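Taken together, the values in this text are just the output of simple stated rules run on the coordinates, not laboratory data. Bear in mind the structure is a predicted one, so any value in this text is a computation, not a measurement. A quick note on method: Cβ atoms are made from the backbone with ideal geometry, for glycine too, and the neighbour counts reach across all protein chains shown.
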């Protein structure tokens, strides 16, 4: 059951990666177009900075947040962890993923409320184009919820691994310390 749920989360992360790639391409095309318009025609895109900074960069970040965790790409301090015995590393994995799950679930909950409020009141940025803020704000709970789900499953799998004293459910590269199960 946990393996099936991990596969579903992995599929969501793949979709997020594709969307992030599309957003990265869009950012590149907008920047190139803006540079050409600025220097060739003295008519830069007035909307480029807001579009990129408000929507595209936020999407790029939050669509790959969970996938980065799954790949073991987040910054970590390993000096203490690497010096723990195997059983203590397995226990540390449980604590770290449980705390991370709680934090990102709270972020998702609070951010959802903020995005819903921005949608309800019609919140917009002041400027040449009144950009609605809710689409960018909605990316936060989306990305945080996928990561919280990944961390919840990681916590359950880590608990099973602690109880068994070995890696029963492989956590893959999200736990870059495969020696924890020696």
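Structural descriptor for the stretch 2-181: relative contact order 30 percent, calculated from alpha carbon pairs under 8 angstrom and at least 6 residues apart.
Neighbour counting of Cβ atoms within 10 Å sorts the residues 29, 57, fewest neighbours leading, into 29, 57. Residues 39, 69, arranged from fewest to most other Cβ atoms within 10 angstrom of their Cβ, appear as 39, 69. By the helix-only formula, in which each DSSP H run with n ≥ 4 contributes -39500 (n - 2.57) and the sum is divided by residues, the chain has a 222 nm mean residue ellipticity of -23500 deg cm²/dmol. What is the calculated FRET efficiency for residue 21 to residue 49, with r their C-beta to C-beta distance and R₀ = 25 Å, to the nearest 0.05? Taking R0 as 25 Å, the efficiency between residue 21 and residue 49 is 0.70. The coefficient of translational diffusion for the stretch 2-181, derived via Stokes-Einstein from the alpha carbon Kirkwood radius under 20 °C and 1.002 mPa s, stands at 116 µm²/s.
In terms of packing, defined here as the mean over residues of other Cβ atoms within 10 angstrom, the peptides 143-150, 81-88, 112-119 line up highest first as 143-150, 112-119, 81-88.
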